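Data first, discussion second: the structure below is written as structure tokens.
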Amino acid sequence: MEAPSTETIPRADAAPSPSESGPFDVIVIGAGVAGLYQLYRLRELGLSVRVFEAGSDVGGTWYWNRYPGARFDSESWSYGYSFSEELLQEWEWPEHFAAQPDTLRYLNFVADKFDLRRDIRFHSRVVAAHFDDAADRWTITLESGEQAVARLLVTALGPLSAYTLPVIPGRDDFRGQAFHTARWPREGVSLAGKRVGIIGTGATAIQVIQTIAAEVGSLTVFQRTPNWAAPLHNRRITPEEQRRIRASYPEIFERCRQTSTCFIHQTDPRKALEVSAEEREAFWEKLYAEPGFGIWVGNFADVLVDKRANALASEFAARKIRQRVRDPAVADKLIPKDHGFGTRRLPLESGYYEVYNRDNVRLVDINETPIERITPEGLRTSAEDFAFDVLIYATGFDGVTGPYDRIDIRGPGGRRLKDDWKGMPRTFLGMLIDGYPNLLMVLGPHTARGNIPRNIEEIVDWLTGLVAHMHRNGLGRVETRREEVDRWVGEVEQAVEGLLFSEVNSWQTGVNRNVEGRQVRRVLGYYGGAVEYRQRTGAVAAGGYRELAFDAELAAKPQGS
Ligand code: NA7
């Protein structure tokens, strides 16, 4: 099912935008963390660039996801852009894990500081992008029917921008207010004293649930799959810490460069199965008491690759849930049985489990009593009718390829990317697509992904280097080479071998049961580590892009090859 539009963000607050149709040197789709930086870098080359953005302002993920409790799970001071020392010194994160309004404020600050808005056209959802093979140009079409043309097209769509609603009969019948978390109204929703139902228990739902539980009249959580979660331990940044952070940005970013996920947390070289039970327990207690993703990506080296080590970590996390949730039956429902600790993206929480000790909160396991339909009053399970004032869909996203599937992208001869990507995507370094010239992706499938802005900066820098190379050499067309794509896809598939997460359904493995054709696991990232990814991409650039094909060579190719 395509997620129907439940656009609730008002469309009136942006300044009138430029409306020319080009031709531009580059069109960028998306004005989130990636699109903003890509615009900044391309402008430095003196190119004409136009960014098309569906929202009414900058921010991408942080523009759309305004739900209560939305915040970073990565350390704020490791998340911002690193490219401008001035920006780093000017901006102050209020908390170690910033809330969405602060992040959106930050991205607006960046857009203002670098005067980025003048090249961004808002309220402009791109619905199609077609390549003109003779002219080496992309034509994009907006929802309004307007078109624009550019030589190069950069997609900065965000891996989690295609939100999905659950496929449940009667979804349009509900007479109360209903929202997907990624379309939370800008003006907010009054929840005080209301009867609220929420579907989903992923990272988003966990943030919502722990935030609204005390305020609402009643909260009913409909859970299909429990997720492992661990404490975030957020707090405000003290003035002294602020000074220290400002003075140590180079070291912070250098540390991020050295880890395989670009977070500040580094995998511990010890193995859970090789240390004593006491040492293991002490380390896990320490990690559980520390802020951030340490317990996930800074854990023992074997926890995410060895089932026996993972089972021990899962036992530890399950014990914590049992300690924190008073009712043993509820605790048991909250303990995942079908996947091990950390094999899905680990949600970080602040008092999530204690929420279930409240009298106004109820957990409904929809495996026991499935949802049958949405009703005008609320929702019906096989056991019971529920009445709600507000229904929250925290039902996630069609990850990574979903945003591409929602644009009619056509390459030479009219071939459709959606068809080509029915199964495993074919990319070179996750940045270029086999058979689609002059299309460059930021955070498409098969790039390293972890602390996202760190990945974005590196990818954008690499793409900018490629664009500069073409510009310098008067090259108008770039394509992948089939054999290089084969090699890269092979490396991507090899890198995931042995990683436990690849055996589990989640958006990270490309599964979304609400989307037709997305029930089968795919490899959607490069999991060989950010350091290896940087080496691999760096070598291609340093070698003068020999793995890619440019104009002269393409012109020399016999027709149809
Ligand atoms: P997730 O992690 O994909 O979670 C979506 C949740 O919604 C998950 O619990 C799903 O259960 C549940 N869901 C989806 N469809 C249904 C239906 N039809 N019925 C019941 N429950 C359903 O998305 P989030 O937004 O929480 O997080 C996405 C990322 O954002 C996260 O990884 C961070 O990187 C930030 P399921 O597990 O499929 O059984």
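Bear in mind that the values in this text are calculations on the coordinates, not laboratory data. For clarity, every value in this text was computed on a predicted model and none was experimentally measured. Positions of Cβ are backbone-derived with ideal geometry, glycine not excepted, and every protein chain shown enters the neighbour counts.
Below is a table of values for the structure above.
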read-out: Estimated D of segment 202-332 in µm² per second, where Rh is the Kirkwood radius over Cα pairs and Stokes-Einstein applies at 4 °C, 1.567 mPa s; value: 75 µm²/s
read-out: Glu187 versus Ala468: modelled label distance in nm, points set 7 Å from Cα along the beta carbon direction; value: 4.8 nm
read-out: Ascending count of other beta-carbon atoms within 10 Å, so fewest first, for Lys286, Lys333; value: Lys286, Lys333
read-out: Dipole of segment 171-393, positive direction: furthest Cα of Thr259, Ala317, Thr225, with charges on the beta-carbon; value: Thr259
read-out: Candidate aspartates and glutamates for bridging to Lys194, where Cα separation is under 16 Å - those fewer than 8 sequence places away on the same chain excluded; value: Glu215, Asp359, Glu377, Asp389
read-out: Size of electric dipole in the chain: Cβ of Lys, Arg +1 and of Asp, Glu -1, about Cα centre, debye, nearest 20; value: 320 debye
read-out: DSSP-defined antiparallel bridges as percent of all bridges, the chain, nearest 5; value: 40 percent
read-out: Per-peptide average of other Cβ atoms within 10 Å, ordering 290-298, 107-115 highest first; value: 290-298, 107-115
read-out: Cβ charges +1 (Lys, Arg) and -1 (Asp, Glu), total dipole of segment 171-393, debye; value: 440 debye
read-out: Residues Glu279 and Ser144, FRET efficiency given R0 of 56 Å [Cβ-Cβ distance, rounded to 0.05]; value: 0.35
read-out: Efficiency of FRET from Cβ geometry, Glu384 and Val531, R₀ 60 Å, rounded to 0.05; value: 0.70
read-out: Per residue, the convex hull volume that the Cα atoms of segment 171-393 enclose (Å³); value: 157 Å³
read-out: DSSP bridge pairs, segment 171-393: antiparallel proportion in percent, nearest 5; value: 20 percent
read-out: For segment 140-201 and segment 51-90, distance of Cα centres in Å; value: 18 Å
read-out: For Met470, Met424, Met431, order by how many other beta-carbon atoms lie within 10 Å, fewest first; value: Met424, Met470, Met431
read-out: Reachable lysines from Lys307, criterion Cα separation under 24 angstrom, eight or more residues apart if same chain; value: Lys271, Lys286, Lys320, Lys333, Lys337
read-out: Helix-only mean residue ellipticity at 222 nm for the chain, each DSSP H run of n ≥ 4 adding -39500 (n - 2.57), per residue, nearest 500; value: -9000 deg cm²/dmol
read-out: The chain - Rg and Dmax from Cα coordinates, angstrom; value: 23.6, 74
read-out: Difference of contour (0.36 nm per residue) and Cα-Cα distance, Ser84 to Ala539; value: 161.3 nm
